1. If L95 meets every condition in (1) surrounded by fewer than 20 Cβ atoms within 10 Å (Cβ to Cβ); (2) outside any helix (DSSP H, G or I); (3) not small (G, A, S) apart from one, which number is that one?
2. When the residues of the stretch 5-27 are filtered to those that are surrounded by fewer than 13 Cβ atoms within 10 Å (Cβ to Cβ) and part of a helix (DSSP H, G or I), which remaining residue is modelled with the highest pLDDT?
3. Just to check your reading of the model, which residue among L133, L107 is assigned to a loop (DSSP other than H, G, I, E, B) and either hydrophobic (A, V, I, L, M, F, W, C) or touching a Pro at 6+ places or on another chain (Cβ under 9 Å) (or both)?
4. Within the set of pairs 6 or more residues apart or between chains, which connect a residue that is surrounded by fewer than 18 Cβ atoms within 10 Å (Cβ to Cβ) inside the stretch 99-128 to a residue that is polar (S, T, N, Q) and not in a helix (DSSP H, G or I) with Cβ atoms less than 7 Å apart?
5. Quick check on E56: is it acidic (D, E), without any contact (Cβ under 8 Å) to a residue 40 or more places away in the chain and not in a helix (DSSP H, G or I)?
6. Which condition from (1) modelled with pLDDT under 95; (2) in contact with a helix residue (DSSP H, G or I) (Cβ under 6 Å, 6 or more places away or on another chain); (3) part of a helix (DSSP H, G or I) is the one that K73 breaks?
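The values are calculated or read from the model by the stated rules, or taken from the named source; none is laboratory data. Remember, it's a predicted structure, so these values are computed and weren't measured experimentally. Here the Cβ is made from the backbone with ideal geometry for all residues, glycine too, and neighbour counts use every protein chain on show.
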Amino acid sequence: MQRSAMRELAFKLIYEIEMQNEDEEFEIFIENNEITDEKVIEYLKDIKTGIKEHSEEINDLITTNLKQNWSLKRISKINLSLIKLAIYEMVYKKLPYKIAINEVVELAKKYADESAPVFINGILASVVKEKKLDGDINEN
């Protein structure tokens with residue numbers, strides 16, 4: 001399975017967890033999506049546990065990079081899931097930010113409203129500047 005397809009599954013998993021707020025969603029998600037590839041399952045587990053483990057810092061990064069009148073509660077669950085996925089991969093997995101941002105923006109075009117790609121890109125660009133992340137694709 002291609003990395004982009006795995007990332008799309010990760011987004012769907014994060015979104016389901018955001019909506020249900022239950023940890024047992026993981027097993028149900030794997031079963032419902034008939035995922036049998038161990039590499040994909042391990043990737044999804046890493047994303048799920050990593051975002052949960054670093055949720056406070058990820059939420060702080062999002063909050064500090066929102067416009068003044070915004071709060072986490074005001075962000076749609078789809079957008080929030082995509083932003084969390086990108087931040088986790090950029091900050092904790094050291095995925096080049098150009099890849100992470102491009103992929104979640106493409107997912108936003110597919111799953112979110114028409115203003116989402118610009119909104120998500122803006123927040124993530126601010127996170128990149130704040131964390132001084134590297135976008136060089138050859139580094140990973």
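1. Looking at each condition in turn, L95 falls short on (1).
2. Among those residues, the one meeting the criterion is A5.
3. L133
4. Sorted first by the residue in the stretch 99-128, then by its partner, the pairs are S126/N65.
5. no
6. K73 satisfies all of (1) modelled with pLDDT under 95; (2) in contact with a helix residue (DSSP H, G or I) (Cβ under 6 Å, 6 or more places away or on another chain); (3) part of a helix (DSSP H, G or I) except (2).
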